[in-house]
1. Looking only at region 243-266, filter to residues that are at pLDDT 90 or above and more than 22 Å from the chain's Cα centre (by Cα); which one of those is surrounded by the fewest Cβ atoms within 10 Å (Cβ to Cβ)?
2. Could you grab me the full set of residues in region 173-188 that are within 9 Å of the chain's Cα centre (by Cα) and either among the charged types (D, E, K, R) or assigned to a strand (DSSP E or B) (or both)?
3. Only one of ILE182, ILE241 is of a type in the set (Val, Ile, Thr) and out of contact with any Gly (no Cβ under 8 Å at 6 or more places or on another chain); which?
4. Counting only residues that are assigned to a strand (DSSP E or B), among the small types (Gly, Ala, Ser) and over 18 Å from the mean Cα position of the chain (by Cα), how many does region 154-169 have?
5. Output the residue which, of all residues in region 218-242 that are among the small types (Gly, Ala, Ser) and crowded, with 17+ Cβ neighbours inside 10 Å, is nearest to GLY27 (Cα to Cα).
6. Hey, which of the strands (runs of 3 or more DSSP E) in region 1-114, taking only ones fully inside, have at least 3 residues that are out of contact with any Lys or Arg (no Cβ under 8 Å at 6 or more places or on another chain) and modelled with pLDDT of 70 or more?
7. Mind listing whichever residues of region 172-191 are under 14 Å from LYS248 (Cα atoms) and not hydrophobic (A, V, I, L, M, F, W, C)?
Amino acid sequence: MKKIIAIAICVLMLIALAVPSFAESKGKTPSESGAVLFEDDFSEDDIDLEYWTKREAVGIEEGMLRLGGGNWIQEGYAANVIPDDGYFENYIFEFDFEGGSCGCYYGFGLRAPDNCSSEFNNGGRFGIPSASELSTGISFDLLINGKSGNIGVALNYGTANGDAAQFLVAYPEGFDGKSGHITVIDTGDIVTLLVNGTELVTLELGEEYVTAYNAEGEKIFEGEATFPEEGSVGFYQRAGILKVDNVKIREYKDPNATEAPTAAPTEAPTQAPTDAPKATDVPATEAPTAEAATKAPSGDKTAKGSNTGLIIGIVAGVVVIAAVIAAVVIAKNKKK
C-alpha cells in the first residue's frame, strides 16, 4: 500500500511540474514592418517647426533636442509632434534620451493637447507640483525627484493631478532613469511601455477605466480613469534637463497576425459541344452545368489557444489516481 501511495504522489508531482505558468504578458510586441510616419535625429541646427511645437528653453544641442535649462518650466509639454493630416493611430513611438539634473521630473506623454499652456502640466503627478494643477494625456515620468527608482504613470483629461489614476512601476534592471531607449505601442485600447527593449507595463484602457499589468501579466493597478482617445506625442520637464534623440513614429503591425491567403480565381470548365443525336443513336445525356465561378474553400477556423483543456485533463488525472488509491484501500480492507 505504501508503494502505491508513493507512486501516486510522484505522479501528482510530475503533473504539477508539467503545468505551465498561466500568467502571460498582456503587452504588444514591437514590429519592424510598419511604415515610418515620422522621424527626426536632430542633425539640423534648427527645430523643424512644421512638426514640432517649440516652447521656451527648447533647442538643439550636440545633435539632440534639449528641453529645459535646469530652471523652473511650467509650460506642460515643452515639445510635441503634431502631424498635419491627423493624429497618429495604432503606432509605435520610440526615442533615446539623456537626463541631467532634475529638481522635479521629466518624461514623455501620449494623447497630449496641441495647446499645452501652463494650465496643463502634463506629467509630474509624483513630484513637487500641487495636486490641484490640471493635466491632460497619458504621461510617463521617467525620473521623479523624491521617488527614485520608479517610473510614474498617470492618466488625465483636464482633471486635477490629485484626482488622476496614477501608479508607480519599479525600474527594470540596469535602468537608472537618466538614459536609455524608450518604446511605447499605442493601439487605442492597449498601451505597452518597453524600456531598453524590455516590456515594463501594459495599460488596458476601457471606458473611463484602466487596468495595468506587469511583464508577467500580473495586475498591478486598476481603477477609474479619464483620458483622451487621441492627441499628440511629446516630451516635458520641470526644473530639470531632458535631451532626446532619434525620435521615430511608425505604424504598428501585429507580428503575430496572419493574413488569410487569397484564393486564386478558378475558371469554370468549358463544356464540350455535343453533336445532335441521330435518330438511331441513343439520346445523349447532358453533362451537369458548371457554376460560372467556383467559390474558394473557407479556411479552417483555428480556435484561440486556451488552458481550459489542460486544466480539465489535470483534474481528471487527479480524480483517476484518487479513485485507484481508494479502490486499493478498499480491497486491502476486504482481505483483512
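1. Result: ASP245.
2. Those that are within 9 Å of the chain's Cα centre (by Cα) and either among the charged types (D, E, K, R) or assigned to a strand (DSSP E or B) (or both): VAL184, ILE185, ASP186.
3. Details: ILE241 fails: out of contact with any Gly (no Cβ under 8 Å at 6 or more places or on another chain).
Going through ILE182, ILE241 in turn, the sole match is ILE182.
4. 3
5. If we take residues in region 218-242 being among the small types (Gly, Ala, Ser) and crowded, with 17+ Cβ neighbours inside 10 Å, then ALA225 is nearest to GLY27 (Cα to Cα).
6. Numbers: elements: 36-40, 52-54, 58-61, 64-67, 77-81, 91-112.
The strands (runs of 3 or more DSSP E) meeting that bar are 91-112.
7. Selection gives HIS181, THR183, ASP186.
Okay, residues lined up against (1) touching a Ser or Thr at 6+ places or on another chain (Cβ under 7 Å); (2) buried (at least 19 other Cβ atoms within 10 Å of the Cβ); (3) under 18 Å from GLY231 (Cα atoms):
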{"site": "ILE138", "(1), (2), (3)": "no, yes, yes"}
{"site": "SER148", "(1), (2), (3)": "no, no, no"}
{"site": "GLY152", "(1), (2), (3)": "no, yes, no"}
{"site": "GLY158", "(1), (2), (3)": "yes, no, yes"}
{"site": "ALA165", "(1), (2), (3)": "no, yes, no"}
{"site": "GLY174", "(1), (2), (3)": "no, no, no"}
{"site": "LYS178", "(1), (2), (3)": "no, no, no"}
{"site": "GLY188", "(1), (2), (3)": "no, no, yes"}
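The values are calculated or read from the model by the stated rules, or taken from the named source; none is laboratory data. All values derive from a computational prediction rather than experimental measurement. A quick note on method: Cβ atoms are made from the backbone with ideal geometry, for glycine too, and the neighbour counts reach across all protein chains shown.
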